[in-house]
Structure formats: C-alpha cells, structure tokens
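Trainee: Handing you this structure, nothing more for now.
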Amino acid sequence: MNGLRLHDGGVRLELTPPTCSLAIDVSESPEMRIHRLISENPVVIFTRSSSCCMCHVMKQLLSNIGVHPTVIELEDDEVTAAGENAPAVFIGGTRVGGFESLVALHLSGHLVPKLIEIGALGSLNRNRMMMMVL
C-alpha cells in the first residue's frame with residue numbers, strides 16, 4: 001500500500017511497485033525464498049530487526065553512495081534456514097559479509113567498482129564517488 005506513515009517520530013513514505021519480487025509464496029521454503037531474493041535483487045541486506053544499528057549504518061553507507069538496498073527482516077527460522085549471521089549483505093548474488101566486511105570493502109576502494117559491475121550504481125554516481133575519494 002502506498003502512503004505516508006508515522007515511524008519513530010518521523011514520516012516514512014511507502015511506495016510499492018505494481019509488481020513486487022518480495023512477494024511471499026507460502027509453498028516456498030525459507031531457504032528458497034532467501035535464495036530467490038538474493039538472486040533477484042542487486043544489493044540485499046538481511047537483518048533480524050528494523051532496530052539493528054549495524055544494519056542502519058550499512059543502509060546509510062550504501063545510500064550515500066547512491067544505492068538503495070533491499071532490506072529483509074528475517075524471522076528466527078529464516079536465519080537458521082539461511083545459515084547466515086545477520087546483518088549480512090549480498091552484492092550481485094555474492095555474500096559480502098556483515099558490517100565490518102562492507103566497511104572494509106568500502107575503505108579498500110573495492111565497493112564502488114563492485115556496485116558498478118553489477119549495475120547497481122550508474123556512471124553519474126560513479127563520477128560523484130570518484131570525486132569524494134579524491
């Protein structure tokens with residue numbers, strides 16, 4: 001449902017596209033759903049809750065670069081099914097790791113090229129990021 005909602009003392013604009021790959025098929029196992037979400041979205045962050053401070057920083061870092069990741073809150077059985085620690089970020093279908101791995105990738109200068117390679121970051125954003133690095 002599209003609309004404005006109050007969230008943590010602020011306003012959140014919720015936009016839902018007409019076709020959404022985040023649809024839930026009840027016959028789909030948690031493992032299959034997680035693998036599908038990873039393969040269908042260029043950048044995915046899995047977290048245990050919306051109040052995860054590391055997840056917030058990961059989203060903010062990616063947003064500042066110009067990428068808006070798909071964020072999925074996992075239930076306990078899904079975390080077990082995925083065999084992953086949360087938060088965990090996947091870029092281009094590959095597990096990058098958690099918060100520390102994402103920051104290390106960024107500080108080493110490898111994050112932006114990886115995002116460009118998978119098509120999650122356009123050339124205008126790339127030029128802006130190159131200026132920030134210099």
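Trainee: Of all residues in the range 38-66, which are of a type in the set (A, V, I, L, M) and either surrounded by fewer than 20 Cβ atoms within 10 Å (Cβ to Cβ) or part of a helix (DSSP H, G or I) (or both)? Explain how you work it out, then say what you get.
Mentor: Going residue by residue through the range 38-66, those that are of a type in the set (A, V, I, L, M) are 38, 43-45, 54, 57-58, 61-62, 65.
Answer for the range 38-66, where residues must be of a type in the set (A, V, I, L, M) and either surrounded by fewer than 20 Cβ atoms within 10 Å (Cβ to Cβ) or part of a helix (DSSP H, G or I) (or both): 38, 54, 57, 58, 61, 62, 65.
Trainee: Do you know which residues across the range 67-111 are assigned to a helix (DSSP H, G or I), charged (D, E, K, R) and at pLDDT 90 or above?
Mentor: As a first pass, look at the range 67-111 and keep what is assigned to a helix (DSSP H, G or I): 76-82, 99-107, 111.
Remaining after also requiring charged (D, E, K, R): 76-78, 100.
Residue satisfying the conditions is 100 alone.
The values are calculated or read from the model by the stated rules, or taken from the named source; none is laboratory data. Because the structure is predicted, anything quoted here is derived from the model rather than measured. Neighbour counts are summed over all protein chains in view; Cβ atoms, including those assigned to glycine, are modelled from backbone coordinates with ideal geometry.
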